[in-house]
Amino acid sequence: MFTSWNHDKWFAYVLHKGLTYFREEYLVSTEHANWYHQDGRSTYDSYRSQSDEAIYQHKTAFYDRLRYYHVEGNTLFVHGGFHVDQGFEEIIRTNQEQMLWDRSLYRADVEHWQINNNLRLIGKSTKDRRFGRFETIYIGHTPTVLDGFTQPTKMANVINVDQGCKCWAY
């Protein structure tokens, strides 16, 4: 199972243009500047030293098999998430690429966790919340350290595994 993350998808766009294109660093670095300058260059450099055959084999075995999401039993694996007002099924039908970028699921999850935490502090009962139909949803894309979480924390039915390794060195 390979779920696509935004940086993977960006590099897949480069590879899908062909190996002749891939070998032209100026084109890659300018036409895909967003990816290239957000650590894409290190990925590009590591592949550039490989033979065309090795790159093609890895593209076929990995990048061509990337999916926007994976469901295993009652568990969803997705990079960014889905818009909580639209729901997972609607995003599947309308715009699966949104699952790479959407942060609203994580934001709603953190907001709900903060409300419950505040209720606990004043001795009030908390409110259960479940996002979507899944028992557990694993996401990434938004570093949890930005919200003060330094390890994966299950809030409602969501676990964000992005610990922000590029934000701070531990």
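The values are calculated or read from the model by the stated rules, or taken from the named source; none is laboratory data. None of the values given here were measured: they were computed from a predicted structure. Positions of Cβ are generated from backbone atoms using ideal geometry, with glycine treated the same way; all protein chains shown enter the neighbour counts. With ligands, DNA and RNA removed, areas are computed over all heavy atoms of the protein, side chains included. Shrake-Rupley method; radii C 1.70, N 1.55, O 1.52, S 1.80 Å.
Just subtract the alpha-carbon distance of Gln114 and Phe2 from 0.36 nm times their residue separation and send over the number in nm, one decimal. Between Gln114 and Phe2, full extension yields an extra 37.1 nm.
On the basis of the beta-carbon distance and an R0 of 25 Å, Tyr13 and Arg130 show a calculated FRET efficiency of 0.10. Here's the picture: charge each Lys and Arg Cβ at +1 and each Asp and Glu Cβ at -1 in the chain, and of Phe62, Ile139, Thr150 the one pushed furthest to the positive end of that dipole is Thr150. Looking at the chain alone, DSSP beta bridges between its own residues are antiparallel in about 45 percent of cases. Taking a quarter of the surface of the Cα convex hull of the chain gives a mean projected area of 11.7 nm². Non-local lysine pairs in the chain, meaning eight or more places apart or on different chains, with alpha-carbon distances under 21 Å, amount to 6. Counting only Cβ charges, +1 for Lys and Arg and -1 for Asp and Glu, the dipole size of the range 1-144 around its Cα centre is about 500 debye.
Length available on full extension from Glu53 to Gln98: 0.36 nm per residue minus the Cα-Cα distance, which gives 13.0 nm. Packing, as the average of other Cβ atoms within 10 Å across residues, places the peptides 6-17, 140-151, 99-110 in the order 99-110, 6-17, 140-151, highest first. On the accessible surface of the chain, probed at 1.4 Å, how many percent belong to carbon and sulfur atoms? Carbon and sulfur atoms account for 49 percent of the accessible area of the chain. Heavy-atom accessible surface of the range 1-143, averaged per residue, reaches 57 Å², computed with a 1.4 Å probe.
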